[in-house]
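The structure appears right after this line, and notes come after that.
Read-outs: derived from the displayed coordinates by stated rules, not from any lab. Given the structure is predicted, the values throughout are model-derived calculations rather than measurements. All Cβ positions, even for glycine, are placed from backbone atoms using ideal geometry, and neighbour counts span all protein chains on display.
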Amino acid sequence: MNYEVNERTLLILPVGKERCKVYEDTRSYNINKSTFKVIEHSCEYFGVSYRSRLEGSKRFIKTRYKSPIVIEETSRLVFFPLSSPQNKSNYWISYNNVLEYYPALHRKNHTMVRFKNGLRLEVPVSFYSFNNQYLKASRLSAVLAERLFRNY
């Protein structure tokens, strides 16, 4: 199955070496590709390589590691990784669909994320790290919005 992330995509999480699960607003999909391959394919589907998207992000927000990326400009699809993007166990989160996040109560170095559709999911990363990634995505989204606004 070729899957392209879209406005309804909440997150992509690993379920095996070359398998992942995609959550959307009202459903989920199991895909026989890594999370990175889904992101890479989605960038290409919208006409730009992942590498170009990554380089653009690094230039726009001056970040070097675990950079968020814009998958598609007009829909402002911004996704951020929780670990190294090529890591087979990496999660990709939709910046646009996160409602709130906070430290998980019963598990150290985990963060509880609540999405705009009400889904709550605990992710295996510290609150500090999640917050840092979310803030990078926020900066990228702001730069994108400002550039899009300037063109109108």
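What number, rounded to the nearest 500 deg cm²/dmol, is the helix-based mean residue ellipticity at 222 nm of the chain, given -39500 (n - 2.57) per DSSP H run of at least four residues and division by all its residues?
-10000 deg cm²/dmol
Please compute the contact order of region 29-104 in relative form: average sequence separation of alpha-carbon pairs under 8 Å and at least six residues apart, divided by the residue count, as a percent.
Normalised by residue count, the contact order of region 29-104 is 24 percent.
Going by amide H atoms built from the backbone, whose H comes under 5 Å of the H on Val5, apart from near neighbours?
Ser42
Of Lys66/Lys136; Lys58/Lys116; Lys21/Lys88, which ones are farther than 18 Å apart at the Cα?
Lys58/Lys116
Just Glu122, Glu40, Glu100 to compare: in a GNM of the chain, with alpha carbon springs under 10 Å, which one fluctuates most?
Glu100
Please list 3J(HN,Hα) in residue order for region 40-51, calculated via the Karplus relation 6.51 cos²θ - 1.76 cosθ + 1.60 where θ = phi - 60°; whole Hz, with x for glycine and proline.
Each residue of region 40-51 in turn: 4, 4, 5, 4, 5, 4, 8, x, 9, 6, 4, 4 Hz.
From the phi of every residue in region 6-11, what ³J(HN,Hα) in whole Hz does the Karplus formula 6.51 cos²θ - 1.76 cosθ + 1.60 yield, where θ is phi - 60° and glycine or proline is x?
Couplings: 8, 4, 7, 5, 9, 7 Hz.
Using each residue's phi in region 88-102, evaluate 6.51 cos²θ - 1.76 cosθ + 1.60 at θ = phi - 60° and report the 3J(HN,Hα) Karplus result to the nearest Hz, with x for Gly and Pro.
5, 9, 7, 9, 10, 10, 7, 4, 5, 9, 7, 8, 7, 8, 7
Scaled to the compact-protein estimate 2.2 N^0.38 Å, what is the alpha-carbon radius of gyration of region 1-51, rounded to two decimal places?
Working it through for region 1-51, the quotient is 1.06.
Diagonalise the Cα gyration tensor of region 27-83 and give the resulting equivalent ellipsoid semi-axes, square root of 5 times each eigenvalue, largest first, whole Å.
That gives 20, 13, 11 Å for the three semi-axes.
Determine how many Å³ per residue the convex hull of the Cα atoms of the chain encloses.
Per-residue hull volume (Cα only) is 108 Å³.
Just to confirm my numbers, what's the Cα centroid distance between region 1-34 and region 106-152 in Å?
18
With springs only between Cα atoms under 10 Å apart, run a GNM on the chain and tell me which of Tyr23, Tyr65, Tyr95 wobbles the most.
Tyr65
Which is the longest part of the chain that has none of the trypsin sites (Lys or Arg not before Pro) sitting in a DSSP loop with at most 11 other Cβ atoms within 10 Å?
The longest such stretch corresponds to 109-152.
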